[in-house]
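In what follows, a structure is listed as structure tokens, so that the remarks can point back to it.
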Amino acid sequence: MTSNSEVFESAVGRLATAFGHEREHVLADEHARYRLYLEAYRQSPDLRKSAVDAIAMEPDRAMQQSTVGLLLDEAATRSASDRDLARWWATWPETIRRIDYLRRREAEWEVVLRLACGGDLNLSEVSESSDWLQRKLSAQGRRDVAEFLSENGRTRRIRNLASARLTGDL
């Protein structure tokens with residue numbers, strides 16, 4: 001029977017070989033794995049699933065979340081709608097999609113995209129959202145969102161950013 005560690009090492013080894021990296025170095029260095037995952041995901045559609053599988057098995061949870069978080073941010077900026085992002089997110093394994101931080105960030109990106117496409121403003125959703133989402137929405141440019149956040153933003157920075165958006169100082 002093959003252990004999870006052996007499966008992980010084999011997956012990372014295949015990616016390392018495909019991109020001309022030394023297998024042992026990549027296995028020993030989480031920063032090298034981070035760069036390898038990004039390189040494989042971004043540059044090789046043929047190896048994208050292998051990269052996703054390796055990321056899902058990554059033992060360094062902080063680095064795993066950082067990798068997926070960056071790829072999520074990139075996918076969101078390329079997405080034309082919240083539905084596009086939801087389709088992209090659905091391609092990730094359930095073990096990744098269940099991670100609280102990543103699940104929240106993906107849901108927040110869906111709010112950004114929905115509002116950018118003219119979707120309805122849900123004031124309770126915005127008021128209960130993270131500082132990150134409130135800052136993102138303050139800078140987005142929708143007048144109704146900026147008006148709400150200029151008065152109800154969680155932090156002074158958010159309220160000032162929303163106010164500046166309203167007065168055209170951005």
Determine the shape class of the range 89-155: with a ≥ b ≥ c the square roots of the Cα gyration tensor eigenvalues, call it rounded for a/c under 1.5, and otherwise prolate if a/b is greater than b/c, oblate otherwise. prolate
Once the Cβ-Cβ distance between residue 29 and residue 90 is put in as r, and R0 is 35 Å, what FRET efficiency do you end up with, to the nearest 0.05? 0.65
Cα-Cα separations in the range 27-82 greater than 18 Å, expressed as whole percent: 31 percent
Stretched fully, the stretch from residue 157 through residue 104 gains (0.36 nm per residue minus C-alpha distance, one decimal, in nm) 16.9 nm
What is the packing order of peptides 26-32, 64-70, 42-48, 7-13, taking the mean over residues of other C-beta atoms within 10 Å and listing the highest first? 64-70, 7-13, 26-32, 42-48
How many percent of the accessible area of the chain is carbon or sulfur, using a 1.4 Å probe? 47 percent
Counting Lys and Arg as +1 and Asp and Glu as -1, what is the net charge of the other residues whose Cβ lies under 15 Å from the Cβ of residue 33? -4
Of 38, 123, 137, which has the largest mean-square fluctuation in a 10 Å C-alpha GNM of the chain? 123
I'd like the distance between the alpha-carbon centres of the range 98-170 and the range 12-52, rounded to an integer number of Å. 35 Å
Which net charge results when you count Lys and Arg as +1 and Asp and Glu as -1 among the other residues whose beta-carbon is under 11 Å from that of residue 60? -1
Just to verify a number: FRET efficiency for residue 169 and residue 117, C-beta to C-beta distance, R0 = 22 Å, to 0.05? 0.30
Per the helix-only calculation at 222 nm, which mean residue ellipticity applies to the chain, given -39500 (n - 2.57) for every DSSP H run of n ≥ 4 and division by its residues, nearest 500 deg cm²/dmol? -23000 deg cm²/dmol
Lys and Arg at +1, Asp and Glu at -1: neighbours of residue 166 with Cβ under 9 Å from its Cβ sum to 0
Nitroxide proxy distance, nm - points 7 Å out along Cα→Cβ at residue 3 and residue 81: 4.8 nm
Kindly identify the range 1-154 as rounded, prolate or oblate by the Cα gyration tensor criterion: order the square roots of the eigenvalues as a ≥ b ≥ c, call it rounded if a/c is under 1.5, otherwise compare a/b with b/c, prolate if a/b is larger, else oblate. prolate
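The values are calculated or read from the model by the stated rules, or taken from the named source; none is laboratory data. Source: prediction; values computed, not measured. A quick note on method: Cβ atoms are made from the backbone with ideal geometry, for glycine too, and the neighbour counts reach across all protein chains shown. Accessible surface is based on the protein model in full, side chains and every heavy atom, while ligands, DNA and RNA are left aside. Shrake-Rupley method; radii C 1.70, N 1.55, O 1.52, S 1.80 Å.
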